[in-house]
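Working notes, structure below.
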Amino acid sequence: MNYRIVILSLSALLVACGSSSDSPVELDGASNDVQADTSVGVEAAPKDLLSVISVINFTREIESGVAVGFDVDGVVSEDGDDASCGHADFVSPDGTEGIDNQLALITPLFDTVGIGAVEGFVQAAVEQGGLLIMWEVKGVDDAQNDDDVTVRLRFGTGKPLLGTDGLLLSGQTFHINPDSPDREVKGSIVDGQLRTEVFEAVLPIVVFEVAYELIIYEARMTADVSYDGGLVNGIMGGRVTIENLLTIAERAELEAGGIYEAVTFLLDGMADMSPNEDGVCQELSAALTFTSVSGFLFPEDVATPE
């Protein structure tokens, strides 16, 4: 009997039988890992994204009459409008009219009045861990298009790791600051851009290493979701009260003389919202731009707000 032929025949039979079974077949010690895609037809669980602001900037006029921001009051104001105390609205870079952002006219004057270092101090606070502003986006089914997500603006704590460019590295894990607010706002993702509904934001603005609360009313935010869950091309804007700004300036005066006088000078006649019965506007429209990198929370800090 030709034993070589018998062995080859038995081997072929075993391979044929094995290929019709549910078990993978090993040939020459290699495993055949190809299996049916059991994920087909199974709905993926929603994801939660967390990002930490790595760069934050005060906005400026891009060119005459053009600035980023939002239409906060729902009105397209022209020069001389009483409702805006005579200030005309901007047009966004994409041509949207009615953009309210008086801050864009004020920021370039920071250096003129001697407070140009404020922007540097704010960014330094971010990089040193004194100003860790987080966006938590919950219930994301699709990072490109999702009509129902929940967004929370939160504050973190800890010393961040920086890259060679001096900015926060992505993928870090942070603790939530005990004083962090837990307010939620509904949002959506349209063509990869996250958009929130209107909410009230409280930001810890750091001036000369001292944190102050800046309250932004009728705030809203947009940002593009990056490949790893960070947010880029971010804009947050709304309206702030002159009283709040002057209170911050007054407290900052204790750290650096001349701040209050400089801020009072900058704000004089610049308010464009909420005129009182005498026709004097009490609030200023504003917008900030930001970039945030993806991050994570320690398990003990992952909780649902009451």
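The values are calculated or read from the model by the stated rules, or taken from the named source; none is laboratory data. Computed from a prediction, not measured in an experiment: that's the story for all the values here. FYI the Cβ positions are ideal-geometry reconstructions off the backbone, even for glycines, and counts take in every protein chain you see.
Quick notes
- Residue count, region 282-306 (criterion: touching a Gly at 6+ places or on another chain (Cβ under 9 Å), under 29 Å from Ser77 (Cβ atoms) and not aromatic (Phe, Trp, Tyr)): 5
- Candidate set: region 196-226, residues that are in a loop (DSSP other than H, G, I, E, B) and in contact with a Ser or Thr (Cβ under 9 Å, 6 or more places away or on another chain); chosen: the one nearest to Pro181 (Cα to Cα): Glu197
- Considering only residues in region 123-178 that are under 24 Å from Ile215 (Cα atoms) and of a type in the set (Asp, Glu), the one that is surrounded by the fewest Cβ atoms within 10 Å (Cβ to Cβ) turns out to be Glu127.
- In region 162-188, the residues that are over 24 Å from Glu300 (Cα atoms) reach residues that are part of a loop (DSSP other than H, G, I, E, B) with C-beta atoms within less than 6 angstrom, at least six apart or across chains, in these pairs: Gly163/Leu169; Lys186/Glu197.
- Any chance Glu255 is out of contact with any strand residue (DSSP E or B) (no Cβ under 9 Å at 6 or more places or on another chain) and not β-branched (Val, Ile, Thr): no
- So Pro181, is it on the phi < 0 side of the Ramachandran plot and surrounded by 16 or more Cβ atoms within 10 Å (Cβ to Cβ): no
- Leading residue by the ranking (surrounded by the most Cβ atoms within 10 Å (Cβ to Cβ)) among those in region 87-112 that are assigned to a strand (DSSP E or B) and not aromatic (Phe, Trp, Tyr): Asp100
- Residue match in region 76-86 (condition: part of a strand (DSSP E or B) and either buried (at least 17 other Cβ atoms within 10 Å of the Cβ) or modelled with pLDDT under 95 (or both)): no
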